[in-house]
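Just below is one structure, and these are the notes that go with it.
The values are calculated or read from the model by the stated rules, or taken from the named source; none is laboratory data. Quantities reported herein were computed from a predicted structural model and do not represent experimental measurements. Counting neighbours? That spans all protein chains shown, and the Cβs are built from the backbone with ideal geometry, glycine included. With ligands, DNA and RNA removed, areas are computed over all heavy atoms of the protein, side chains included. Shrake-Rupley method; radii C 1.70, N 1.55, O 1.52, S 1.80 Å.
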Amino acid sequence: MRRALGVAALTLVTACTPGADAGRVARSTLVIGIDVSGSFKSRDRYDNAIDFASNYLYAHIHGLGGLKQPTAVFVGSFGGEKPGETKSFQPIETFENMSVPQIAAYLRKQYPSHDGLTDFNPFFARTATLVTRQNLVLAPLNIILVTDGVPDTQRSKTDSLGGYKKIDVSKLEYLSKNVTVRVLFPRPTIAVRWEKQVPRHRVRMWTVDDEVMNTWKKHYHQGVKSEDQTDLWKWIADNVDFRVRSI
């Protein structure tokens with residue numbers, strides 16, 4: 001009897017003692033899409049977005065400022081010479097040992113801005129394929145689009161909303177209980193169209209318009225190490241990584 005009670009007590013203590021699992025990061029996937037179309041290049045929006053995306057990517061990969069650390073990362077672009085053009089995605093290993101300036105230089109080289117079409121659907125379809133192929137289904141999926149948000153789709157001149165209704169996120173719907181698409185840098189009117197006109201059921205939508213996004217550098221302190229950019233990481237947590245409720 002004493003031996004049985006001792007074994008039970010030892011089992012209980014072991015189960016309650018923090019072990020190797022306590023330090024494990026919960027599975028989640030981060031996908032960043034960069035708009036390389038000509039419409040996003042004007043007024044230095046592309047360069048501003050690349051600088052922000054580099055800081056955002058670095059902070060999340062290293063879990064700075066309490067930001068969620070993803071277990072899988074994919075970075076790609078949308079905007080091509082023809083509709084439906086497929087792009088490649090770079091995995092987390094590409095960026096793990098890079099600094100913020102190195103990430104920015106790499107993104108500018110790998111995804112240069114040019115006068116192409118803005119086609120979101122191939123990007124979403126490719127994202128769904130990667131998540132499924134990499135066995136990442138069911139893990140929370142966070143998709144960041146740095147873009148002006150204006151799709152290049154066929155529509156009549158009198159139908160300004162038709163292009164948004166044709167944006168297809170259906171392949172993302174059942175990849176996880178928590179799929180969030182975050183559209184950064186659109187004009188306020190375009191942000192509203194993404195929120196209200198893009199068809200979806202389970203996918204959560206969050207937009208941060210360009211007037212808000214353009215203030216991120218006010219929270220970035222020049223000459224301060226990335227690990228100490230606490231004001232910027234808090235701003236990102238409060239404004240970009242806001243937890244969105246499902247509709």
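Below are the figures for this structure:
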read-out: Surrounding net charge for GLU173, when Lys and Arg each add one and Asp and Glu each subtract one, Cβ distance under 15 Å; value: +4
read-out: Peptide ranges 140-151, 235-246 listed from the most packed, as the mean C-beta count within 10 angstrom indicates; value: 140-151, 235-246
read-out: Residues of the stretch 44-150: accessible area per residue with a 1.4 Å probe, Å²; value: 41 Å²
read-out: Cα convex hull of the stretch 86-225 - mean projected area over all directions, nm²; value: 10.1 nm²
read-out: Nonlocal amide H pairs with ILE144, under 5 Å, H built at 1.01 Å; value: VAL31, ILE32, GLY33, ARG182
read-out: Contour excess over end-to-end distance, with Cα ends at SER42 and LYS68 and 0.36 nm allotted per residue; value: 6.2 nm
read-out: Accessible solvent surface per residue of the stretch 155-247, calculated while the other protein chains remain in place, 1.4 angstrom probe, Å²; value: 59 Å²
